1. Which one is nearest to Ala6 (Cα to Cα), of the residues in the range 135-145 that are at pLDDT 80 or above and surrounded by 12 or more Cβ atoms within 10 Å (Cβ to Cβ)?
2. Any chance you could count how many residues in the range 8-52 are surrounded by 14 or more Cβ atoms within 10 Å (Cβ to Cβ) and modelled with pLDDT under 80?
3. State all residues of the range 57-86 that are within 16 Å of Arg44 (Cα to Cα) and touching a Leu at 6+ places or on another chain (Cβ under 9 Å); if no residue qualifies, say none.
4. Here is a check on your reading of the model: is Thr93 within 18 Å of Asn23 (Cα to Cα), surrounded by 13 or more Cβ atoms within 10 Å (Cβ to Cβ) and not hydrophobic (A, V, I, L, M, F, W, C)?
5. Considering only residues of the range 53-77 that are surrounded by 13 or more Cβ atoms within 10 Å (Cβ to Cβ) and assigned to a loop (DSSP other than H, G, I, E, B), which is farthest from the chain's Cα centre (by Cα)?
6. For the range 14-23, check the following and say yes or no: at least one residue is among the small types (Gly, Ala, Ser), in a loop (DSSP other than H, G, I, E, B) and more than 22 Å from Arg120 (Cβ to Cβ).
7. Is it true that Val103 is outside any helix (DSSP H, G or I) and closer than 30 Å to Leu11 by Cβ?
8. Looking at Arg3, Arg87 in this structure, which one is surrounded by fewer than 10 Cβ atoms within 10 Å (Cβ to Cβ) and either at pLDDT 95 or above or basic (Lys, Arg) (or both)?
Amino acid sequence: MSRLPALRASLHPSLTISHAPANGDCLFSCLSLAFPPHTVASLRRLVSEAIDEEQLALFTVAHEAGVEGYEFMKASGGVPPSLARVRAAWLVTGAGPRARYVVWGEQFALQVLATELRVRLLVYDEQAPAACRCLAVHPSGGGGG
C-alpha cells in the first residue's frame, strides 16, 4: 500500500514530491532537481571538498562505533583511510560501475549542501516515530533561503 497520499496530506500544498531511486544518490538527485544546474556529481564534489581532517576523524569514530553507512572508512591492508581516499569515495555515484561503493548522504552532507546552496533543508522520514519525523538543517554562518 502506498504511503504517498498520507505524505502529501502532511505537506503544504505548494510543495511537490519527486521520486528518487534508493541507489545512494537519492539525496543528491533530489537536490539536483531542485537546484539546477547542479548535478549529482557537482553536489557530491561540494561535499567531498568540504571534508577536512576533523571530519575525517568523526567519520572514523562513526565507523569504529559500527554506525551503518560508514563502511567506506574501513582500513585497506591495515592502513586507515587517508583524507584523499575518503574524498574520492564521496565522488562515486550510484550510477557508475563502482555503484556498490557509493557513500550515501548523511548529516555532514546535509549540512554542507544546506550551507553551499544557502537553503534550509527539511528531511521528512515517514517511518520514524511521529514526534521525530522531521529534521531541519540550516545553513552554517547564517543566511539561507
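The values are calculated or read from the model by the stated rules, or taken from the named source; none is laboratory data. Quick caveat: nothing in here was measured; it's all calculated off a predicted structure. In this analysis, Cβ positions are derived from the backbone assuming ideal geometry, glycine residues included, and neighbour counts consider all displayed protein chains. When the accessible area is computed, the model is the full protein with side chains, heavy atoms only, and any ligands, DNA or RNA have been set aside. Shrake-Rupley method; radii C 1.70, N 1.55, O 1.52, S 1.80 Å.
1. Leu135
2. 1
3. Leu83, Val86
4. yes
5. Val67
6. Within the range 14-23, the first condition is being among the small types (Gly, Ala, Ser), and the residues that meet it are 14, 18, 20, 22.
Remaining after also requiring in a loop (DSSP other than H, G, I, E, B): 14, 18, 20, 22.
Still in the running and more than 22 Å from Arg120 (Cβ to Cβ): 22.
Yes, the range 14-23 contains a residue that is among the small types (Gly, Ala, Ser), in a loop (DSSP other than H, G, I, E, B) and more than 22 Å from Arg120 (Cβ to Cβ).
7. yes
8. Details: Arg87 fails: surrounded by fewer than 10 Cβ atoms within 10 Å (Cβ to Cβ).
Every option except Arg3 fails the conditions.
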